[in-house]
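Below: the structure, in structure tokens.
Every number here is computed from the coordinates shown, using simple stated rules; none is lab data. Everything numeric here is computed off the predicted structure, so don't read it as measured data. Cβ sites come from the backbone with ideal geometry, for glycine too, and all protein chains shown count toward neighbours.
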Amino acid sequence: MFQRILVANRGEIALRVIRACKELGIETVAVFSEADRGAHYLDLADEAYCIGAPPSSESYLMINRIISAAEVGNVQAIHPGYGFLSENAHFAEVCRDCNITFIGPTHEAMEKLGDKVSAKAIARAAKVPLVPGSDGLVANESEALAIANRIGYPVLIKATAGGGGKGMRVAMNDVSLQSGLKAAAVEAEKAFKNAGVYLEKYIERPRHIEVQIIADTHGNVCHLWERDCSLQRRHQKLVEESPGPTLSRDVRDDVCKAAVRLIKEAGYTNAGTVEFLFDQKENKFYFIEVNARIQVEHPVSEIVTGIDLIKAQIRVAAGEELPFKQKQIVQSGSAIEARINAEDPAHGFRGSPGTITKLRIPGGPGVRFDSHVYQGYTIGPHYDSMIGKLIVHKPSREESLACMRRALAEFVVEGIHTTIPLLKEIFSNAAFIQGDVDTTFIERTLITTKP
């Protein structure tokens, strides 16, 4: 087992990793930008080093500075958290070359799965269902038009290196396909330095289902069941729950087994998430992508299975076998997570930086709040807007929904705008309570954007 681990991240996930390390008896080294100087979670680390100015491009994305901190801190491993460098194959390779263990998949697996076209080839070899579309990158406009007319409109244009909705366009006909191809390629080149795009059949009003997996270096792969992440804004998740409220037992088993097959085919190790679209009309699921890291919503899977995923990541990276078999992992009760973001939903979810002047965190049976913020904490403009995750767990979904409504009613955040008012609306919405939602639900049903 490792003696010291560097946490190459900030905020809530840095705190989460530090706490897991403490319980394992592992010392931690934290890194921080000037914007995070004085953050309370840094006091819990055994050492902390400043690695640069507030912009992430000058701090948390600076591989050389993080490696220097790791060498000065005399660590054996680096945990990247989520975001920043967590899915950067080059960073994982640099760690290996410096004899530092990267707590995550190998850079080879990341490269194969990070490219969506390559990932689809792996899924096809593993006999995992794929959305009808192009076999690879679209070479030119005429090829795109031929494919679109073969599979039928609407079609989705997607950047092969994309994420977070960037480099993505929906085309309803030949004209919008031609303009969308150009716009998606330009956006993808700007965001990811890769203008490659491919086409998929656009599934109207799908659900977003994902499967949490953990794989060791001894050939063992287990899933921790599924999460339903259909409640999204701007293609980014806002509410996640497990079990999925509308999946039949057969579909649940099939999608989880498909995720395991794909991970084995890719030779993937450590924690990851296999994401799918679920066509409610056809009762079919289709592979989207693999997130080669721990995800924001991992507590949902932890709670329903009783498995600490961060500790599991660390143990797997240290070469240990998984201490459980698939048949031992059961879903217990219902867990729901709501992301609390410093955003103003009424104005296009624009960020709301500022100082939290009052903070009252809900509690009681079945309530967990993962966050690094406190009353008096100042949220700057430099990083992701999420300030915490409110998670509830009860024996049934009905009880979890009631618990979430009660917890949100207790929650007070003043000084900034947050997503709490929208979340209150979501958890009181009759369609959501009945499970009748899809990935467009928030925009279609709940949001009235002001200029």
(request) Would you compute the Debye intensity of the range 213-311 from its alpha-carbon atoms alone, equal scatterers and no solvent, and pass along log10 I(q)/I(0) at q = 0.15 Å⁻¹ to two decimals? (result) -0.59
(request) When you have a sec, figure out the Kirkwood radius of the chain from all distinct Cα pair distances and drop it here in Å to one decimal? (result) 22.6
(request) For a footprinting-style exposure proxy, rank 369, 411 by other Cβ within 10 Å, fewest first. (result) 369, 411
(request) Please list, in chain and number order, the residues 5+ apart from residue 377 or on another chain whose amide H is under 5 Å from its amide H, with Hs placed from the backbone. (result) 356
(message) Please report the projected area of the range 96-218's Cα convex hull averaged over all directions, in nm².
(response) 9.5
(message) Using a 10 Å cut-off around each Cβ, can you sort 118, 59 from fewest to most neighbouring Cβ atoms?
(response) 118, 59
(request) Please report, in whole Å, how far the alpha carbons of the range 4-103 spread along each principal axis, starting with the longest. (result) 31, 31, 23
(message) Students often check this: by mean Cβ neighbours within 10 Å, which of 209-218, 393-402 ranks highest, and how do the rest follow?
(response) 209-218, 393-402
(message) Rounded to two decimals, what is the ratio between the C-alpha radius of gyration of the range 207-446 and 2.2 N^0.38 Å?
(response) 1.02
(request) Give the share of C-alpha pairs in each 10 angstrom bin for the range 15-168, from 0 to the last occupied bin, in whole percents, shortest bins first. (result) 9, 30, 26, 17, 13, 4
(request) Could you rank the peptides 144-151, 373-380 by their average count of other C-beta atoms within 10 Å per residue, with the highest value first? (result) 144-151, 373-380
(request) Could you tell me which of 208, 102, 329 has its Cα farthest along the dipole of the chain towards the positive end, charges placed at Cβ (Lys, Arg +1; Asp, Glu -1), taken about the Cα centre? (result) 208
(message) Under 8 Å for C-alpha pairs, at least 6 residues apart: give me the relative contact order for the chain, rounded to a whole percent.
(response) 14
(request) Compute the separation of the alpha-carbon centres of the range 179-206 and the range 97-117 and state it in Å as a whole number. (result) 24
(message) Counting only Cα atoms, I'd like the Rg/Rh figure for the range 345-411, Kirkwood definition for Rh.
(response) 1.03
(request) Note down the relative contact order for the range 132-201 as a percent, whole number, built from C-alpha pairs under 8 angstrom at least six residues apart. (result) 42
(message) Within the chain, which whole H helices from DSSP have a Cα span along their axis of at least 24 Å and a mean Kyte-Doolittle hydropathy of 0.0 or more, if any?
(response) 174-192
(message) Give me the Å³ per residue figure for the convex hull around the C-alpha atoms of the range 385-451.
(response) 115
(request) With the Cα gyration tensor of the range 323-451 in hand, convert its eigenvalues to equivalent ellipsoid semi-axes via √(5λ) and list them largest first in whole Å. (result) 27, 20, 14
(request) In Å and from the alpha-carbon atoms only, list the Rg and Dmax of the range 132-201. (result) 10.6, 30
